[in-house]
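The values are calculated or read from the model by the stated rules, or taken from the named source; none is laboratory data. All of these numbers come straight from a predicted model, not from anything done at the bench. So basically every Cβ, Gly included, is an ideal-geometry build from the backbone, and we count neighbours across all protein chains shown.
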Amino acid sequence: MGLEQHPPLATPLERSAEAQKATWVSVAVNLVMTIAQLIIGWLAHSQSLVAHGLHSFSDLLSDFLVIYASRQSAHPADQAHPYGHARVETAATLALGTSLVLIGGGILWESGMRLQHIETLPTVELAAFWVAIATVISKEALYHYLIHVARKLRSQLLIGNALHTRADAASALVVVVGIGGALMGWSFLDLLAAALMGFMILHMGAGLARGAIKELIDTGLDKAQVEAIRKTLLATPGVRDLHELRTRRMAHQALVDTHVQVDSRISVSEGHRIAESARARVLREHPDVLDVLVHIDPEDDMDPDTYATRLPARDALLGEIQPLLAGLPEPEKSCCTI
């Protein structure tokens, strides 16, 4: 997601409340569909529907994970967490992605084992077909609701949960095809549907886990986002150039730090004012940015031969000058004062 203009973000408590409301809706839908799929899948002898029921059960687990992470990430910054608790969402996303990889791999394994003994499988019954259709409809509707809330809050965790639901809807469609084929006499299609669903779950989980890991190892924003921030900094009056512009993600927001060059003849206070102006400009024009650290340079300190690195410190310079000044006469005192 880019750092283009957006409406102001809700407060952490408001984000948490809205995220939890959406997640409780997901809990209700997933609970009903889990019970229906497991019971009907078992009674109707549909391996793919049972597998999908297990997937819906994993959705329940992820929903509770989202609720926990939303509450924790809403806590304000403290001494131990000066940047806040937003990365609780990132850790929860990693846990969710890992669980999907394990569930998808387990379904693939189970389907492969059953395909080796397809002649012993019981006949799939019609009730499984109708439950699979109901699952597709309910999951797709839930996806559209969750993705709307996730984009509004710009929450990676909620987006992950919404994509999880979309994957569930897509895999339910595969289950419909598999059960339909089994009802027409091709019993192996039910197991193939279960195997394909397992692969889809595994792939989705791997994507979520990879994204969370990239954030946890402080992967920077993409080039377009960094360039937009660079232009904002250079547009600040008093900034001559910049270097070492670094960025990293923190859940739904970003952290930025940079070195900006200013006129070497200005005062420290004026340089500080320019730095604060640059920081305020980035925060104002890029609402996704949580904080900006601006370091002021009077020259390009990336150059190893810059004169500043070769100048002596004040104490060393005074030590050299004092013996030279010792023999000079004292300046005459003025006869009158103003």
- Under the condition of being surrounded by fewer than 24 Cβ atoms within 10 Å (Cβ to Cβ) and either at pLDDT 80 or above or not assigned by TED's automatic domain parsing to the domain that holds residue 164 (or both), which residue from the stretch 196-209 is nearest to residue 124 (Cα to Cα)? 199
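Which residue, of 4, 18, is modelled with pLDDT of 65 or more and acidic (Asp, Glu)?
18
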- For residues that are of a type in the set (A, V, I, L, M), surrounded by 10 or more Cβ atoms within 10 Å (Cβ to Cβ) and either closer than 26 Å to residue 238 by Cα or at pLDDT below 75 (or both), tally how many sit in the stretch 282-338. 11
- Which residues, taken from the stretch 182-220, are part of a helix (DSSP H, G or I), farther than 19 Å from residue 170 by Cα, within 35 Å of the chain's Cα centre (by Cα) and not small (Gly, Ala, Ser)? 210, 213, 214, 215, 216
- Message: Just to check your reading of the model, which residue among 88, 25 is modelled with pLDDT of 80 or more and either in the same structural domain as residue 170 (by TED's automatic domain parsing) or acidic (Asp, Glu) (or both)?
- Response: 25
- Note on the structure: Sole miss for residue 224 among (1) assigned to a helix (DSSP H, G or I); (2) touching a helix residue (DSSP H, G or I) at 6+ places or on another chain (Cβ under 6 Å); (3) modelled with pLDDT of 80 or more is condition (2)
- Give the residues of the stretch 228-281 that are in contact (Cβ under 8 Å) with a residue 24 or more places away in the chain and among the acidic types (Asp, Glu), sorted by residue number. 241, 244, 257, 263, 270
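Answer yes or no as to whether residue 246 is in contact with a strand residue (DSSP E or B) (Cβ under 9 Å, 6 or more places away or on another chain) and within 20 Å of residue 91 (Cβ to Cβ).
Numbers: in contact with a strand residue (DSSP E or B) (Cβ under 9 Å, 6 or more places away or on another chain): yes; within 20 Å of residue 91 (Cβ to Cβ): no.
Criteria not met by residue 246.
Can you find a residue that is among the hydroxyl-bearing types (Ser, Thr, Tyr), within 16 Å of residue 197 (Cα to Cα) and in contact with a Lys or Arg (Cβ under 7 Å, 6 or more places away or on another chain) anywhere in the stretch 159-166? Lay out the reasoning, then the answer.
Taking the stretch 159-166 as the starting set, the residues that turn out to be among the hydroxyl-bearing types (Ser, Thr, Tyr) are 165.
Retained after the next criterion (residues that are within 16 Å of residue 197 (Cα to Cα)): 165.
Those still in the list that are in contact with a Lys or Arg (Cβ under 7 Å, 6 or more places away or on another chain) too: 165.
Looking for residues that are among the hydroxyl-bearing types (Ser, Thr, Tyr), within 16 Å of residue 197 (Cα to Cα) and in contact with a Lys or Arg (Cβ under 7 Å, 6 or more places away or on another chain), one finds at least one in the stretch 159-166, hence yes.
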- Task: Scan (1) over 34 Å from the mean Cα position of the chain (by Cα); (2) modelled with pLDDT of 85 or more for the single condition residue 178 breaks and write down its number.
- Result: (2)
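Just a yes or no: is a residue in the stretch 30-52 part of a helix (DSSP H, G or I), assigned by TED's automatic domain parsing to the domain that holds residue 189, surrounded by fewer than 17 Cβ atoms within 10 Å (Cβ to Cβ) and under 20 Å from the mean Cα position of the chain (by Cα)? Don't jump to the end; show me each part of the working.
Within the stretch 30-52, the subset part of a helix (DSSP H, G or I) is 30-43, 47-52.
After this cut, where a residue has to be assigned by TED's automatic domain parsing to the domain that holds residue 189 as well, the list is 30-43, 47-52.
Next, from what is left, pick out any that are surrounded by fewer than 17 Cβ atoms within 10 Å (Cβ to Cβ): 31-32, 35, 39, 42-43.
This time we only want the ones that are under 20 Å from the mean Cα position of the chain (by Cα), so: none.
No, because not a single residue in the stretch 30-52 is part of a helix (DSSP H, G or I), assigned by TED's automatic domain parsing to the domain that holds residue 189, surrounded by fewer than 17 Cβ atoms within 10 Å (Cβ to Cβ) and under 20 Å from the mean Cα position of the chain (by Cα).
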- Message: With the structure loaded, tell me whether residue 169 is within 30 Å of residue 68 (Cβ to Cβ), modelled with pLDDT of 80 or more, touching a Lys or Arg at 6+ places or on another chain (Cβ under 6 Å) and assigned by TED's automatic domain parsing to the domain that holds residue 54 or whether it fails that test.
- Response: yes
- Query: How many residues does the stretch 142-175 hold that are within 19 Å of residue 19 (Cβ to Cβ) and of a type in the set (A, V, I, L, M, F, W, C)?
  - Reply: 11
- Query: Is at least one residue of the stretch 158-170 within 21 Å of residue 112 (Cα to Cα) and either polar (S, T, N, Q) or not in a helix (DSSP H, G or I) (or both)?
  - Reply: no
- Message: Please go through (1) over 24 Å from the mean Cα position of the chain (by Cα); (2) in a helix (DSSP H, G or I) for residue 238 and return the number of the only condition it doesn't satisfy.
- Response: (2)
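Anything in the stretch 252-273 that is assigned to a loop (DSSP other than H, G, I, E, B) and within 14 Å of residue 294 (Cα to Cα)? List them, or say none.
262
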- Got at least one residue in the stretch 33-54 being at pLDDT below 80 and under 20 Å from residue 249 (Cβ atoms)? no
- Note on the structure: All-but-one check, residue 115 against (1) modelled with pLDDT under 70; (2) surrounded by 15 or more Cβ atoms within 10 Å (Cβ to Cβ), failing number (1)
